[in-house]
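Following: one structure in structure tokens, then a few remarks.
The values are calculated or read from the model by the stated rules, or taken from the named source; none is laboratory data. Quantities reported herein were computed from a predicted structural model and do not represent experimental measurements. A quick note on method: Cβ atoms are made from the backbone with ideal geometry, for glycine too, and the neighbour counts reach across all protein chains shown.
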Amino acid sequence: MVLVDTSVWVDFFNGEITDQTEKLDYYLSSTVIVVGDLILAEVLQGFRSDKDYRIAKSLLTELEQVWLCNTDLAIQSAQNYHTLRKQGITIRKTIDCLIATYCVETKTPLLFSDRDFDPWVTHLELMAA
């Protein structure tokens, strides 16, 4: 099972060929891909055309859906943010903290291209897919 971050979905839907989109293409036929509610919202918000929005919505909602946040994960996310901050690392987006915390707590690998997740791999045991 792999959670795919918004950064990879955006490149994928834009037809960008990167190491991560190549992995995603492979995973779509070989692995359970989970889509987080917050990631679903971020990805779908990015479409300008109604047609592209409908196609992406259809594809993404056929995959397994997960809730990325609840009270316990919100508190753990804040703790993880503070842990990194004490080491001089500031994560720019709250949603990235929630996504990474979900993955760390559930031991779900994350496929990402956003460098903000690198400290999570180094310091908080996030598994990169």
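Tell me which residues, restricted to the stretch 80-117, are polar (S, T, N, Q) and either surrounded by 16 or more Cβ atoms within 10 Å (Cβ to Cβ) or not in a helix (DSSP H, G or I) (or both). Show your work before the answer.
Initial filter on the stretch 80-117 (polar (S, T, N, Q)): 80, 83, 87, 90, 94, 101, 106, 108, 113.
Once the filter is applied, which keeps residues that are polar (S, T, N, Q) and either surrounded by 16 or more Cβ atoms within 10 Å (Cβ to Cβ) or not in a helix (DSSP H, G or I) (or both), the stretch 80-117 yields ASN80, GLN87, THR90, THR101, THR108, SER113.
Scan the stretch 87-94 and tell me whether some residue there is closer than 25 Å to ASN14 by Cβ and small (Gly, Ala, Ser). So far as the stretch 87-94 goes, no, none of its residues is closer than 25 Å to ASN14 by Cβ and small (Gly, Ala, Ser).
Does VAL32 satisfy the criteria of being touching a residue at least 60 places away in the same chain (Cβ under 8 Å) and over 16 Å from PHE13 (Cα atoms)? Before the answer, list the steps.
Details: touching a residue at least 60 places away in the same chain (Cβ under 8 Å): no; over 16 Å from PHE13 (Cα atoms): yes.
No: the conditions fail for VAL32.
For the stretch 66-73, state whether one or more residues are β-branched (Val, Ile, Thr) and more than 13 Å from ALA129 (Cβ to Cβ). Please lay out each step first, then the result.
As a first pass, look at the stretch 66-73 and keep what is β-branched (Val, Ile, Thr): 66, 71.
Then drop every residue that is not more than 13 Å from ALA129 (Cβ to Cβ), which leaves 66, 71.
Checked against the condition, which is being β-branched (Val, Ile, Thr) and more than 13 Å from ALA129 (Cβ to Cβ), the stretch 66-73 yields at least one hit.
Let's see how each residue does on (1) in contact with a Ser or Thr (Cβ under 7 Å, 6 or more places away or on another chain); (2) among the hydrophobic types (A, V, I, L, M, F, W, C):
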position	(1), (2)
MET1	yes, yes
THR18	yes, no
SER30	no, no
ASP72	no, no
ALA78	no, yes
THR90	no, no
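Checking the structure you have, find out if any residue of the stretch 66-79 is assigned to a helix (DSSP H, G or I), over 17 Å from GLY15 (Cα atoms), among the polar types (S, T, N, Q) and in contact with a Cys (Cβ under 9 Å, 6 or more places away or on another chain). Looking through the stretch 66-79, at least one residue is assigned to a helix (DSSP H, G or I), over 17 Å from GLY15 (Cα atoms), among the polar types (S, T, N, Q) and in contact with a Cys (Cβ under 9 Å, 6 or more places away or on another chain).
For the stretch 18-28, the criterion of being touching an Asp or Glu at 6+ places or on another chain (Cβ under 9 Å), touching a residue at least 24 places away in the same chain (Cβ under 8 Å) and of a type outside the set (S, T, N, Q) is met by at least one residue.
I'd like to verify a number: residues in the stretch 26-44 that are outside any loop (DSSP other than H, G, I, E, B) and over 17 Å from ILE99 (Cα atoms), how many? Quick ask: steps written out before the conclusion?
Taking the stretch 26-44 as the starting set, the residues that turn out to be outside any loop (DSSP other than H, G, I, E, B) are 26-30, 33-44.
Checking the rest, the ones that are also over 17 Å from ILE99 (Cα atoms) come to 26-30.
Within the stretch 26-44, residues that are outside any loop (DSSP other than H, G, I, E, B) and over 17 Å from ILE99 (Cα atoms) number 5.
Can you confirm whether the stretch 10-25 contains a residue that is of a type in the set (A, V, I, L, M, F, W, C), at pLDDT 95 or above and assigned to a strand (DSSP E or B)? Checked against the condition, which is being of a type in the set (A, V, I, L, M, F, W, C), at pLDDT 95 or above and assigned to a strand (DSSP E or B), the stretch 10-25 yields no hits at all. Residues satisfying the criterion are absent from the stretch 48-58 (criterion: surrounded by 19 or more Cβ atoms within 10 Å (Cβ to Cβ) and part of a loop (DSSP other than H, G, I, E, B)).
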